[in-house]
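Nothing in this text is a laboratory measurement; each read-out follows from the coordinates by a stated rule. For clarity, every value in this text was computed on a predicted model and none was experimentally measured. Here the Cβ positions follow ideal geometry from the backbone for every residue, glycine too, while neighbour counts run over all protein chains shown.
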Amino acid sequence: MELDFILSKEEEKPTGKTELIYDLLIIGGGPAGMTAAIYAARKRLATLLVSKDLGGQVLVTAEVENYMGYQYIEGRELVNKFKEQVSRFPIDQEIGEEVEELSQEKDVFSIFTKSGKKFRGRTVIIASGKRSRSLNVSGEERLIGRGVTYCSVCDAPFFEGREVAVIGGGNSAFEAVLDLVKISPKIYLVDIASTWRADTVLVKQIEKEKKVTFFPRHRVKEIKGKERVEGIIIEPLDGGEEKSLSLEGVFIEIGLVPNSEFSRSLVNLNEAGEIVVDCSNHTNIPGLFAAGDVSSVPEKQIIVACGEGAKATLTAYQYLLRLR
Amino acid sequence: MTLLKDEVQNEVRERFKKLTGQVRLVNFTQKIECHYCEETRRLTEEIASLSPKISSRIYNFALDKEVSQQYKIDKIPALVVEGERNYGIRFFGIPGGYEFNSLISAIYDVSRKATDLSLESKDKIGKIDRPIHIQVFVTLTCPYCPSAVTMAHKLALESEHITSDMVESAEFPHLVNKYGVMGVPKVLINEEFGFEGALPESSFVDEVMRAYKSTKEAKDKS
């Protein structure tokens, strides 16, 4: 690996003011939240951005080849470009804060963070994105950090020379396999569907790899191991015999779940847990908007999330004009 | 050729304009049997050249035995970031990749002799009166790791009893094996307590306090 030195863009930003009622509170700092913030700043709205991090899922995206303006850019580099653009505007920020609760009293929304901070605003854009989905099988939670991982770019190096399984059939699963073929002697790719959802280019590339054994239409029943992962048990969906695979790492790449729990008591969610929005990012609550992966908008893409973030702020702006 | 690209150098130089107090980078190195020793030494010197507020000292781990012992350095490459005193802020292995951010943050905080930890956190760790050793295992490709490293280093700055290390996993496979590290960030407190993942400040501090209390009780009993 080439040695590089990554400097994340950072500037001292004004933090949130508890005494103020903001025009707009943005929850989430991924592509949707950051774009929403830029649009808000350009409309001169008093805005607070509250987020666990800046960058969201793009931080752990290795390569991006479908964001306009860049034929190829690393995820973290794209995040830096976004941050640079946001940092040009005077937007209050509370980074490192997770929102635990959202409530509404008359025309004012309040958000409460895990560390006990409270902020208020007349409008809210929820852009809290998604997080890795877990398999919900026996052994999984207990063995996190002991062979079970959800971040292949972080943890792949620990599995040099070890046999591993990658669970999933989408782009992130295939990208994990692509990383692992360089270091692992044997990789099992296990997915519940019968067809791969990853981009064809990626699938063709991986199908050529002799180290990879494919188990489509298989479900993971159990992750085994005392102190560390020792193996997994998988079974075919159509009722054949279960198989026990002995291995040391399980990379779980089975998609994402929306970070919408904190808003559940207030807003309508769909079956997937996404916040239901119309094409102008309205939720069922006036003054409350949602954008990006956490919303019901089809297609979870960086470029889509950015567009949704922009739209949400413009809709919120129209709403605020009517309030005045 | 420099390790740091021109644009990174410029950005760092700009950020270092906010430094207030003197910072000293103390590097322990040797020429053989050490993967990134040479690069860590070069990085130390390059960083020091980017601000008049930063100086550097390079020691040979084996030859300058007394200094190594004085700083309690047990492996290399090692880099200590100190200010008017040694706060126990250390990097083992090269702070490259994402960890470069942790290095810049440590320099910034040490220079200003202050962290942005909450009053509540400072209050809690103010009660610590025995040595606490925090090790944060990382990989250089882990975007979640710098927040754990920086949190540990801030605690070290705020408490004279806390020492905090970044440990780069690829450089120290024997420690990876010893502690069974299979995912990062992995935080180890006093060798026996630990957790995986980057926790928010309040939970991180609670974990440290829990480890402190357990160690204290064990000591009190014996």
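Results, tabulated for the structure shown:
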| item | result |
| --- | --- |
| Order of B:28, A:5 under a 10 Å beta carbon neighbour criterion, fewest first | A:5, B:28 |
| Cβ-based net charge around residue B:203, under 13 Å, with every Lys or Arg adding one and every Asp or Glu removing one | -4 |
| Long-range tail of P(r) for the range A:35-81 (Cα pairs > 14 Å, %) | 58 percent |
| Exposed-site-free run, longest, chain A (rule: GluC sites (Glu not before Pro); DSSP loop; at most 11 other C-beta within 10 Å) | A:66-226 |
| Residue pairs, from the table A:224/B:178; A:81/B:17; A:118/B:216; A:117/B:216, whose Cα atoms sit over 28 Å apart | A:118/B:216; A:117/B:216 |
| Rounded to the nearest 20 debye, dipole of the protein assembly as shown from Cβ charges on Lys, Arg, Asp, Glu | 980 debye |
| Neighbourhood net charge (11 Å Cβ-Cβ; Lys/Arg +1, Asp/Glu -1) for residue B:23 | +1 |
| Sites residue B:39 and residue B:191 - FRET efficiency at Förster radius 25 Å, r taken between beta-carbons, to 0.05 | 0.30 |
| Inter-label distance, nm, simple model (7 Å from Cα along the C-beta direction), residue A:65/residue B:113 | 5.4 nm |
| Karplus 3J(HN,Hα) series, Hz, for the range A:199-215 with 6.51 cos²θ - 1.76 cosθ + 1.60 (x for Gly, Pro) | 4, 3, 4, 5, 4, 4, 5, 6, 4, 6, 6, 6, 6, 9, 10, 9, 10 |
| Positive-end residue, the protein assembly as shown charge dipole about Cα centroid, Cβ charges, pick of B:20, A:306, B:157 | B:20 |
| Listed residues A:188, A:220, A:153: farthest to the positive end of the dipole of the range A:148-252 (Cβ charges) | A:188 |
| Estimated vicinal HN-Hα couplings, Hz - the range B:139-145 in sequence order (Karplus 6.51, -1.76, 1.60; Gly, Pro = x) | 10, 6, 9, 9, x, 8, 5 |
| Magnitude of the charge dipole, the range A:151-199, Cβ model with Lys/Arg +1 and Asp/Glu -1, debye to 20 | 100 debye |
| Ranking of B:113, A:221 by count of other Cβ atoms within 10 Å, fewest first | B:113, A:221 |
| Structure-based [θ]222 nm, chain B - -39500 (n - 2.57) summed over DSSP H runs of at least 4, per residue, nearest 500 | -12500 deg cm²/dmol |
| Dipole moment magnitude, nearest 20 debye, the range A:148-252 about Cα centre, only Lys, Arg, Asp, Glu C-beta charged | 160 debye |
| Along each principal axis, Cα extent of the protein assembly as shown, largest first, Å | 69, 64, 57 |
| The range A:153-245: C-alpha gyration tensor shape, a/c 1.5 cut-off, then a/b vs b/c | oblate |
| The range A:98-170 versus the range B:140-208: alpha-carbon centroid distance in Å | 20 Å |
| Rounded, prolate or oblate (a/c below 1.5 giving rounded, otherwise prolate when a/b exceeds b/c) for chain B by Cα gyration tensor | prolate |
| Amide H contacts under 5 Å for residue A:222, placed H, 5+ residues apart | A:233 |
